[in-house]
Amino acid sequence: MTSSASPQPTSNTDSSPMARYGLFALLALIMAATRFHHFASVPDASWAVFFAAGFYLHREIRWVFPALLVEAVLVDYLVITASGVSFFEHYCVSPAYWFLALAYFALWFGGAWLARHYRSLGARELGLAAVTAFVAISACYVISNGSFYWFSASVPQPRSFGAWMKNFGDWYLPYVTSQMIYIGIGAALHAIITLLQPARAVSAR
């Protein structure tokens, strides 16, 4: 049973438009900063960004989700063309590339689902967040990896389910691990901010 002193969840309906715009700008900045260096020592945080956006900004899906998609494509375009390669001739840009919209929506949906079931800080929420994030990231990986293997001309013929499973396994853990770390950092910051809110309210009285 939750006591009346327990911190309550903060949704985007409880925040001001300025706060929501600020959060969107922060998430967009994080994605841009890490996506520009996709294969650098700092992993791309795009997947974690879409999950977090679904959690905090799910009621703003009409503009936030498309805006983040446009940003992702724009960053990819700038990175690819800066290397001297035509965008549509790059091996990453194939019919499978456009499946990323569906893959990213799986992350958004996972974050939005978590937001609807979030009540307050606690062991239940921690476990729910971990499982939801894992499932959403795995779904995103299945869509993005599977579409690339089966629809990209960069994958040599003949294709087979066994070869896909080999490719799937080669990259699955690195992707899941990096994004779970990002989401874990975000969850820790969320907990700290949530715990500080009652103290601020008391001191303001």
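Just so it is clear, none of the values below were taken in a lab; they were calculated from the coordinates. As the structure is a computational prediction, the values presented were derived from the model and not from experiment. Glycine gets a Cβ as well: all are built from the backbone with ideal geometry, and neighbour counts include every protein chain shown.
Compute the helix-to-body angle for 61-82: its Cα long axis versus the longest principal axis of the chain, expressed 0 to 90° and rounded to tens.
40
Could you check the simple spin-label distance between residue 189 and residue 21, using points 7 Å along Cα→Cβ, in nm with one decimal?
2.0
In nm, what is the difference between 0.36 nm times the number of residues separating residue 154 and residue 74 and their Cα-Cα distance? Please report the intermediate quantities before stating the final value.
Working: separation 80, 0.36 × 80 = 28.80 nm, distance 2.19 nm.
26.6 nm is the gain from fully extending residue 154 to residue 74.
Might you report the magnitude of the Cβ-based charge dipole of the chain about its Cα centre, with Lys and Arg at +1 and Asp and Glu at -1, to the nearest 20 debye? Write out the running numbers ahead of the final one.
Numbers: 11 positive and 8 negative charges, 118 e Å.
That gives the chain a dipole magnitude of about 560 debye.
Please work out the C-alpha center-to-center distance from segment 148-183 to segment 44-72 and express it in whole Å.
Value for the Cα centre distance between the two parts: 23 Å.
Counting alpha carbon pairs within less than 8 Å and at least 6 residues apart, what relative contact order, in whole percent, applies to the chain?
Numbers: 198 pairs, mean separation 51.9, N = 205.
Relative contact order, the chain: 25 percent.
Hey, with R₀ at 25 Å, roughly what FRET efficiency would residue 91 and residue 29 work out to, going by the Cβ-Cβ distance, to 0.05? Each step should come with its number before you reach the end.
Numbers: r = 28 Å, r/R0 = 1.11.
Efficiency, rounded to the nearest 0.05: 0.35.
Only loop residues by DSSP count here, and only those with at most 16 other Cβ atoms within 10 Å; note down the chymotrypsin sites (Phe, Trp or Tyr not before Pro) in segment 44-113 that meet that.
91
Hey, got a sec? Which trypsin sites (Lys or Arg not before Pro) in segment 123-199 land in a DSSP loop and have at most 14 other Cβ atoms within 10 Å? Before the final figure, lay out each step's value.
On the way: sites: 124, 159, 166; in loops: 159.
Passing sites in segment 123-199 are 159.
Helix 46-56 versus the longest principal axis of the chain: what is the Cα-based angle in degrees, 0 to 90, to the nearest 10?
Helix 46-56 and the main axis of the chain meet at about 30 degrees.
Just to confirm the number: angle between the C-alpha axis of helix 123-151 and the first principal axis of the chain, 0 to 90 degrees, nearest 10?
It is inclined by approximately 20 degrees.
Residue 153: net charge of surrounding residues, Cβ under 15 Å, Lys/Arg +1, Asp/Glu -1, itself excluded?
0
For a Förster distance of 35 Å, can you work out the FRET efficiency between the beta-carbons of residue 197 and residue 37, rounded to the nearest 0.05? All intermediate terms of the calculation are to be shown ahead of the outcome.
Numbers: r = 34 Å, r/R0 = 0.98.
In this case the efficiency is close to 0.55.
Would you work out which of 177, 149, 129 lies farthest towards the positive end of the dipole of the chain, given +1 charges on the beta-carbon of Lys and Arg and -1 on that of Asp and Glu, about the Cα centre?
Going by the charge dipole, the pick is 129.
Over all directions, the average projected area of the alpha-carbon convex hull for the chain comes to how many nm²? Each step should come with its number before you reach the end.
Working: hull surface 53.7 nm².
Averaged projected hull area, Cα only: 13.4 nm².
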